Amino acid sequence: MKIIILSDLRECNLSDEWVKDFNEIAQKQWEEFNFKRPNGESLKEVQERNIKALNHMLSESKNQTVVIGTHETALSTIINDYKPEFRYEAFNTIKPVFPWVVSFEFEGEAFKEIRYWY
């Protein structure tokens, strides 16, 4: 299996400063998708970066099975792009689940189905 590292599938950069209460910041970001701390990223920015990387991967891997390893916030923003009802409550449910496996099905670059288990 060929391994390709796409740095755009990285986790959200919350801030240059220490975040004392991650849960509080995470909830605020999910409530306000454009909210970001100083020198950090909003979930909207993370989502756009991750979807762009995913679309690139899909265009390069037509009719192939692809496995992606990434962080929970990054993966959650991808899910939210396809299933907007995936919000903070769902994100909060997956935080203790390691590893968390999600299956996306595409036909070419067109999204068909997503399955995930808690």
Considering only region 1-27, state which residues are surrounded by 13 or more Cβ atoms within 10 Å (Cβ to Cβ) and not hydrophobic (A, V, I, L, M, F, W, C).
D8, R10, E11, N13, S15, Q27
Matching entry among T65, T73 (being of a type in the set (S, T, Y), free of Cβ contacts under 8 Å to residues at least 60 places away in the same chain and within 19 Å of W100 (Cα to Cα))
T65
Please determine, by comparing only the residues of region 56-91 that are at pLDDT 90 or above, charged (D, E, K, R) and within 17 Å of F111 (Cβ to Cβ), which one is farthest from the chain's Cα centre (by Cα).
E85
Filtering region 47-71 down to residues that are out of contact with any Asp or Glu (no Cβ under 8 Å at 6 or more places or on another chain), surrounded by 15 or more Cβ atoms within 10 Å (Cβ to Cβ) and in a helix (DSSP H, G or I) yields E48, L54, M57
Could you tell me how many of the residues in region 22-46 are of a type in the set (V, I, T) and either touching a residue at least 24 places away in the same chain (Cβ under 8 Å) or assigned to a loop (DSSP other than H, G, I, E, B) (or both)?
1
Counting just the residues of region 83-118 that are among the aromatic types (F, W, Y) and assigned to a strand (DSSP E or B), which one comes out farthest from S59 (Cα to Cα)?
Y116
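The values are calculated or read from the model by the stated rules, or taken from the named source; none is laboratory data. Because the structure is predicted, anything quoted here is derived from the model rather than measured. Every residue, glycine among them, receives a Cβ derived from its backbone with ideal geometry; neighbour counts consider all protein chains shown.
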